[in-house]
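These notes are about the structure you will find just below.
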Amino acid sequence: MVLVDSSVWVDYFNGSTNRETDLLDQLLGDQVLLTGDLILAEVLRGFDAQRDFRSAKRLLARLAYEDMLGREVAERSITCYRALRRRGITVRKTIDVLIASFCIARGHSLLHRDRDFEPFRKYFGLQVAA
């Protein structure tokens, strides 16, 4: 299953066209996509207009959903973060560590536009949707 990161949803809802939003548009019609609590919180907080907020909330509600937090993901994220720090790599946002760790733990692919996920692909086998 493919989890779509907020970095792609933000571009998508803002009408930006890039490789990832094109792939998202294609996947919306062809595949079951996944969202979760962290993604919903990041994406939906960004809407100013109530109409746009409701529209985005309806679209996201049609996707498969999993709670993303919990002890397993928290502990995996700590392990990954510390291993990256030992390599001299600092991930800028804790939420990205949690999202990557969730995908790794559950075997989900991630569709994203955020360079902070690259070390998770390189060192921990994060599957990236392409």
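The values are calculated or read from the model by the stated rules, or taken from the named source; none is laboratory data. Please read these numbers as outputs of a predicted model, since none were measured by experiment. When we count neighbours, we look across all protein chains shown, and the Cβ atoms used for this are built from the backbone with ideal geometry, even at glycine.
Taken together, Ile95, Ile78, Ile104, Ile99 contain a single residue that is surrounded by 22 or more Cβ atoms within 10 Å (Cβ to Cβ), assigned to a helix (DSSP H, G or I) and out of contact with any Cys (no Cβ under 7 Å at 6 or more places or on another chain), which is Ile99.
Restricting Gly36, Gly46, Gly125, Gly107 to residues that are at pLDDT below 95 and among the small types (Gly, Ala, Ser) narrows the list to Gly46.
Pairs linking a residue in the range 103-130 that is free of Cβ contacts under 8 Å to residues at least 60 places away in the same chain and of a type in the set (Gly, Ala, Ser) to a residue that is exposed (fewer than 15 other Cβ atoms within 10 Å of the Cβ) and not in a loop (DSSP other than H, G, I, E, B), with Cβ atoms under 7 Å and 6 or more positions apart or on different chains, are Ala105/Glu72.
Would you confirm whether any residue within the range 34-45 is over 20 Å from Asp67 (Cα atoms) and in contact (Cβ under 8 Å) with a residue 12 or more places away in the chain? There is no residue in the range 34-45 that is over 20 Å from Asp67 (Cα atoms) and in contact (Cβ under 8 Å) with a residue 12 or more places away in the chain. Consider the range 81-92 and keep the residues that are among the aliphatic types (A, V, I, L, M) and part of a helix (DSSP H, G or I). The one that is surrounded by the fewest Cβ atoms within 10 Å (Cβ to Cβ) is Ala83. Quick check, is Leu27 in contact with a Lys or Arg (Cβ under 7 Å, 6 or more places away or on another chain) and not hydroxyl-bearing (Ser, Thr, Tyr)? Taking the combined requirement at face value, the residue does not satisfy it.
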